[in-house]
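*Asks:* Next up is a structure, given as structure tokens.
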Amino acid sequence: MIRLAIAIVLVAAACGPGSPGGPAMGNHLGGPDATPQSSPVVSAEILSREPLANTASVKHILVSWKDLEDAFQGHQDPRAQKRTKAEAEAEVKSLVGQLKAGGDFEALMKANSEDLGSAQSNRAFTVTPDAQLVIEFRQLSLRLNVGEYGVVQSDFGFHIIKRYE
């Protein structure tokens with residue numbers, strides 16, 4: 001886990017401005033296209049909007065599953081290694097339900113995010129159209145209203161993202 005956090009920081013630092021310690025390693029594995037959004041937990045209505053901003057400050061909760069272990073290059077969170085995609089969807093539904101009931105995003109992020117770098121630092125990420133983050137993360141982040149949260153799927157799992165600025 002420490003190596004994953006260090007790799008994230010090093011990639012972000014090498015990429016210059018954007019999000020130090022971003023939620024994904026580099027830009028996007030497997031090419032420039034977004035991962036198909038086939039899950040019912042994905043915020044399709046938000047993703048169908050036009051972008052609302054060129055810059056957004058966001059925090060996220062990553063929930064992954066065992067079939068995605070290759071994306072983590074041997075550093076996948078142990079919780080994800082035991083989980084199926086259906087179980088990850090159930091976890092996301094539970095977390096979103098807690099947020100709808102007034103749950104504290106930062107507390108849920110710290111306790112549940114499988115991106116240990118952001119979970120431990122509580123740092124917001126600056127997202128721009130060319131930020132060195134997975135494309136799905138950028139797409140949702142730039143479509144959120146301030147204070148709004150949504151869910152997107154990438155090669156790393158589900159990201160519950162909340163926009164702060």
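*Asks:* Sum up the charges of everything whose Cβ sits under 11 Å from the Cβ of Val146, counting Lys and Arg as +1 and Asp and Glu as -1, but leave Val146 out. Mind showing how you got there, number by number?
*Replies:* Numbers: positive: Lys162, Arg163; negative: Glu148, Glu165.
Combined, the nearby Lys, Arg, Asp and Glu give 0.
*Asks:* Would you mind counting up the charge near Leu68? Only other residues with Cβ under 11 Å from its Cβ, with Lys and Arg at +1 and Asp and Glu at -1.
*Replies:* Net of charged neighbours comes to -3.
*Asks:* If r is the Cβ-Cβ distance from Ala107 to Asn54 and R0 is 30 Å, what FRET efficiency results, to the nearest 0.05?
*Replies:* 0.50
*Asks:* Quick one: net charge of His159's neighbours, Cβ under 9 Å, K/R +1, D/E -1? Walk me through the numbers before you get to the answer.
*Replies:* On the way: positive: none; negative: Asp115, Glu136.
Spelling it out: positives minus negatives among the neighbours equals -2.
*Asks:* Could you name the lysines in cross-link range of Lys162, using Cα to Cα under 16 Å and dropping any fewer than eight places away on the same chain?
*Replies:* Here the lysines satisfying the reach criterion relative to Lys162 are Lys59, Lys93, Lys100, Lys110.
*Asks:* Mind giving me the FRET efficiency for Ser39 and Ser94? R0 is 25 Å, r the Cβ-Cβ distance, nearest 0.05 is fine. Please report the intermediate quantities before stating the final value.
*Replies:* On the way: r = 15 Å, r/R0 = 0.58.
After rounding to 0.05, the efficiency reads 0.95.
*Asks:* Let me ask something else. Tell me the Kirkwood radius of region 35-75: reciprocal of the mean inverse pair distance over distinct alpha-carbon atoms, in Å. The partial results should precede the final answer.
*Replies:* Values: mean 1/r = 0.0752 Å⁻¹.
Final number for the Kirkwood radius of region 35-75 is 13.3 Å.
*Asks:* Moving on to the next point. Principal axis lengths of region 49-165 from Cα atoms, whole Å, largest first?
*Replies:* 37, 33, 27
Any read-out appearing in this document is the output of simple, stated calculations on the displayed coordinates, not a laboratory observation. Note that the coordinates shown come from a computational prediction; the quantities given were computed from them, not determined experimentally. Every residue, glycine among them, receives a Cβ derived from its backbone with ideal geometry; neighbour counts consider all protein chains shown.
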